[in-house]
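Only one structure is covered here, and it is reproduced in the block below.
The values are calculated or read from the model by the stated rules, or taken from the named source; none is laboratory data. All values derive from a computational prediction rather than experimental measurement. Here Cβ is always computed from backbone atoms with ideal geometry, including for glycine, and neighbour counts include all displayed protein chains.
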Amino acid sequence: MTSGDVGHPAGGVALEIALFCSLLFTGVAMVAAGAHLLELLTKLSLPRDDYIIVQQIYRGWALLGSVIVAALLATLATAIFGRRRRNVMILALVALASLAGAQAIFWLFTYPVNQVTSNWTAVPADWLGLRLQWEYSHAAGAMLDLAAFIALILAALARRS
């Protein structure tokens, strides 16, 4: 037992801080992603001009990238500091893989649409297909963020057992 473990059978203060930060940052990322998911059906029913107008509400959302990086780093730290608790480490790694998967979807499917449409300030001829790719990739990312958040909650519970 190291000095960091004294009084903390679940792995010490470092694990507590990492897990708290991981839950906080993943939760914030999940809320933003969840907003996309919750508005999906309504936005898919909008005609082109209305859809383009609505898309402008996302200006400035790129700042969430710092929250996502923080979530990834805090979750990696949770896995590292929780390595003595197998269940905690495994659940943190599941959360990390889910967060990384959401990022892979964003960079492979969402970001290219942002580039082609200049963040929806330009409307290409194939805008309907691009809209579907943009919306469904955000929905898939939201589900992975939710999976990460659930895994972190389970890790928090597992560290107490």
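A few points about this structure:
- So LEU63, is it in contact with a helix residue (DSSP H, G or I) (Cβ under 9 Å, 6 or more places away or on another chain) and either assigned to a loop (DSSP other than H, G, I, E, B) or under 30 Å from SER22 (Cβ atoms) (or both): no
- Single residue of region 119-161 satisfying the filter (touching a Lys or Arg at 6+ places or on another chain (Cβ under 8 Å) and closer than 30 Å to ARG83 by Cβ) that is modelled with the lowest pLDDT: ARG159
- One residue alone among TYR136, TYR111 is within 18 Å of the chain's Cα centre (by Cα), surrounded by fewer than 15 Cβ atoms within 10 Å (Cβ to Cβ) and farther than 18 Å from GLU16 by Cβ, and that residue is TYR111.
- In the set (1) free of Cβ contacts under 8 Å to residues at least 24 places away in the same chain; (2) within 18 Å of LYS43 (Cα to Cα); (3) β-branched (Val, Ile, Thr), the condition left unmet by ILE90 is number (2).
- Residue among ALA142, ALA100, ALA79 that alone is touching a residue at least 24 places away in the same chain (Cβ under 8 Å), buried (at least 17 other Cβ atoms within 10 Å of the Cβ), in a helix (DSSP H, G or I) and of a type in the set (A, V, I, L, M, F, W, C): ALA142
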